[in-house]
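What follows is a set of notes on a single structure, which appears directly below.
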Amino acid sequence: MFLKDNTLLNNAITFDEVRCIGKNGEQLGILSSDEALSVADEAGLDLVLISPNAKPPVCKIMDYGKFCYQKEKKNKEAKKKQKQIEIKEIKLSPQIAQNDINYKVKHAKEFLSNGKHVKFRVFLKGREMADPKQGFNVLNKIIDMLTDCASTEGEPTLDGRYVNILVTPKKA
């Protein structure tokens, strides 16, 4: 029978000869697929095709349900240990006052102290698109204010109507 991961089990293995591996990893040698299936049935386990392209194909005697369960459990455990990087976005305008910049930088420092990345975006409206230097100047002011607790990923870039910069916490 075929399973959802295209693994051949038991009677679906129709090769004349297969190299058989026992349940404890010991080599049982080259057997006909019927002999290998009978050995698996005696042990109360499944015959699973491991490597169909080998000469002869390799099969292993194992409890396939238990194998799948342990594999799933291992994948979940690895996913738990992954670290998700959270990116906070702070939007600005080119005509922002210095007091407002200070307030936004204060929030950014809080995010950075919590290990989050911060993306600053300056939105350019209408005629501001003709001279995006104002957006770059605002971001350069912010970068200067954050040099003590953060590092930048490259230089500010123009992306459509936005001037962007990604700021990451400094490594201790």
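The residues on offer are Lys4, Lys83, Lys66, Lys88, and the sole one that is closer than 30 Å to Ile165 by Cβ and at pLDDT below 85 is Lys83. Of all residues in the stretch 103-135, those that are touching a residue at least 12 places away in the same chain (Cβ under 8 Å) and in a helix (DSSP H, G or I) total 12. Of all residue pairs spaced 6 or more apart or on separate chains, those with beta-carbon atoms under 6 Å, a first member in the stretch 139-157 that is more than 13 Å from Lys106 (Cα to Cα) and surrounded by 11 or more Cβ atoms within 10 Å (Cβ to Cβ) and a second member that is basic (Lys, Arg) and modelled with pLDDT under 90 are Ser151/Lys170.
The residue that is farthest from the chain's Cα centre (by Cα), among those in the stretch 140-157 that are among the aliphatic types (A, V, I, L, M) and either in a strand (DSSP E or B) or under 26 Å from Gln84 (Cβ atoms) (or both), is Ile142.
You will find that of Val18, Val39, the residue that is more than 33 Å from the chain's Cα centre (by Cα), surrounded by 15 or more Cβ atoms within 10 Å (Cβ to Cβ) and in contact (Cβ under 8 Å) with a residue 40 or more places away in the chain is Val18 and no other. Of the residues making up the stretch 42-59, just one is among the charged types (D, E, K, R), within 37 Å of the chain's Cα centre (by Cα) and over 12 Å from Asn10 (Cβ atoms), namely Lys55.
Residue count for the stretch 60-88 satisfying the condition of being of a type in the set (Ser, Thr, Tyr) and out of contact with any Ser or Thr (no Cβ under 9 Å at 6 or more places or on another chain): 1.
Thr14 passes every criterion in (1) closer than 30 Å to Asp131 by Cα; (2) outside any strand (DSSP E or B) apart from (1). Within the stretch 63-86, the residues that satisfy the criterion of being loosely packed, with under 12 Cβ neighbours inside 10 Å and not in a helix (DSSP H, G or I) are Gln82, Lys83, Gln84, Ile85, Glu86.
When you go through Ile50, Ile96 one by one, which is the residue that is touching a residue at least 12 places away in the same chain (Cβ under 8 Å), on the phi < 0 side of the Ramachandran plot and part of a strand (DSSP E or B)? Step by step, each of Ile50, Ile96 is checked, and only Ile50 is touching a residue at least 12 places away in the same chain (Cβ under 8 Å), on the phi < 0 side of the Ramachandran plot and part of a strand (DSSP E or B).
The values are calculated or read from the model by the stated rules, or taken from the named source; none is laboratory data. Remember, predicted model here, so these are calculated numbers, not experimental data. Cβ sites come from the backbone with ideal geometry, for glycine too, and all protein chains shown count toward neighbours.
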